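Chemist: Here it is: the structure, laid out below.
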Amino acid sequence: MSEARTGTPAGTTVSADQAEQQRRGLMLVLSSPSGAGKSTIARLLLEKEDNLELSISVTSRPRRSSEVDGVHYHFLDAGRFEQMRDHGELLEWAEVHGNYYATPRAPVENAIESGRDILFDIDIQGTFQLCEKMRSDVVSIFILPPSIAEMKSRLHRRAEDTEEVIAKRMKTAVEEMSLWGEYDYVVVNDDLERAFENVRAILRAERLKQFRSPKIGPLIQGMVEDLQKELGEE
Ligand code: ADP
Ligand code: 5GP
């Protein structure tokens, strides 16, 4: 390379931060049969990952005493829910155990358009509706327990549910587990640290998918032109 060429201006430059900031956000959906560890992994992700926020659903279910309106859910009555649904304000909705649950459209669209990633704690019906509408934005991970015996013992150790509720959750798990093939990734949660790191690796790799960064195209083109100049190919 000649002296003169080494002294030329830098031309197009791009930093990793710039590439990150200019991308479209993604929608991360974690699903698992109850007791596999989905909530634990979701909590760790929200604590340790920047630029990731939780989608807060609306529901017509009564608020539990431990829940805060606007934090765990936006609680509303069935009439208001039906109004939102009929006005196209919901991205997906489902009726679970006689109550309505749904993802409001506007916060999700705002987040992903401004490059923020969003985490969902929704059921399988909701996951499939999101995939139908926004397939390329959705990254779905199925969290699998190492065995049914361990899943059952985690449900008992968690000590949140009665025997009857645990039996109901195990029954629902039959259908949930049979749909594992619909997910983009499967992560086995035997060792929590390892499962968490695997989920984190998926998130990091998915953030770098080229189609999430349409603005990088012109920058790469600028570099190609710099290179052509450098090679005297103008
Ligand atoms: P889910 O949200 O899938 O129903 P949770 O995250 O509530 O499950 O986990 C169920 C229980 O299992 C909790 O008490 C949690 O602390 C525990 N747990 C989660 N992951 C592991 C793991 N890898 N090893 C042992 N216990 C775990
Ligand atoms: P819970 O009443 O225990 O908070 O939630 C019951 C079920 O509804 C869980 O499986 C939960 O993942 C699901 N759920 C919560 N929010 C939504 C939502 O916005 N959409 C859908 N489809 N399911 C939801």
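Chemist: For residue 148 and residue 123, what is the calculated FRET efficiency with R₀ set at 25 Å and r taken between the beta-carbons, to the nearest 0.05?
Modeler: With R0 = 25 Å, the Cβ-Cβ based efficiency is 0.80.
Chemist: With a/c under 1.5 counting as rounded, go ahead and sort segment 18-214 into rounded, prolate or oblate using the C-alpha gyration tensor (a ≥ b ≥ c being the square roots of the eigenvalues; past the cut-off, prolate if a/b is larger than b/c, else oblate).
Modeler: Note, shape of segment 18-214 comes out oblate.
Chemist: Let me spell out the model: positive unit charges on the Cβ of Lys and Arg, negative unit charges on the Cβ of Asp and Glu, origin at the Cα centre of segment 136-234. What dipole size does that give, in debye rounded to 20?
Modeler: 400 debye
Chemist: At a 1.4 Å probe radius, which order do 27, 170 fall into by accessible area, largest first?
Modeler: Final ranking, largest accessible area leading: 170, 27.
Chemist: For the pair residue 78 and residue 156, what calculated FRET efficiency results from E = 1/(1 + (r/R0)^6), where r is the Cβ-Cβ distance and R0 = 41 Å, to the nearest 0.05?
Modeler: 0.75
Chemist: To the nearest 10 degrees, how steep is helix 148-158 against the longest Cα principal axis of the chain, on a 0 to 90 scale?
Modeler: The helix 148-158 is inclined about 80 degrees to the chain.
Chemist: What's the angle, to the nearest 10 degrees (0 to 90), between helix 124-134's Cα axis and the longest principal axis of the chain?
Modeler: Roughly 30 degrees between the two axes.
Chemist: Once the whole set of protein chains is in place, how much accessible area is left on residue 150, using a 1.4 Å probe, in Å² to the nearest 10?
Modeler: For residue 150, solvent-accessible area is about 50 Å².
Chemist: Quick check for you: which residues of segment 149-187 have the amide N under 17 Å from the point 7 Å beyond the Cα of residue 132 toward its beta carbon?
Modeler: 182-183
Chemist: Leaving ligands, DNA and RNA out of it, report the carbon-plus-sulfur percent of the accessible area of the chain at a 1.4 Å probe.
Modeler: Carbon and sulfur atoms account for 52 percent of the accessible area of the chain.
Chemist: Residue 51 to residue 219: FRET efficiency via 1/(1 + (r/R0)^6), r the Cβ-Cβ distance, R0 22 Å, to the nearest 0.05?
Modeler: Here the calculated transfer efficiency is 0.60.
Chemist: Output the 0 to 90 degree angle, nearest 10, between the alpha-carbon long axis of helix 163-178 and the longest principal axis computed from the alpha carbons of the chain.
Modeler: 40 degrees
Chemist: What whole-number distance in Å separates the alpha-carbon centres of segment 174-226 and segment 103-149?
Modeler: Segment 174-226 and segment 103-149 have Cα centres spaced 13 Å from each other.
Chemist: Can you give the extra length, in nm with one decimal, that the chain gains between residue 192 and residue 96 once fully stretched, where that is 0.36 nm per residue apart less the Cα-Cα distance?
Modeler: 31.7 nm
Chemist: Which sequence of 14, 29, 71 reflects their accessible areas, 1.4 Å probe, from the largest down?
Modeler: Highest to lowest solvent-accessible surface, that is 71, 14, 29.
Chemist: Over the chain, give the accessible area per residue in Å² for a 1.4 Å probe, as an integer.
Modeler: Computed with neighbouring chains in place, this is 58 Å² per residue.
Chemist: To the nearest 10 square angstrom, how much accessible area does residue 68 have with a 1.4 angstrom probe?
Modeler: 70 Å²
The values are calculated or read from the model by the stated rules, or taken from the named source; none is laboratory data. Computed from a prediction, not measured in an experiment: that's the story for all the values here. Quick reminder, even Gly has a Cβ in these numbers, built from the backbone with ideal geometry, and neighbours come from all protein chains shown. For the accessible areas, the whole protein counts, side chains as well, though only heavy atoms, and no ligand, DNA or RNA atoms are used. Shrake-Rupley method; radii C 1.70, N 1.55, O 1.52, S 1.80 Å.
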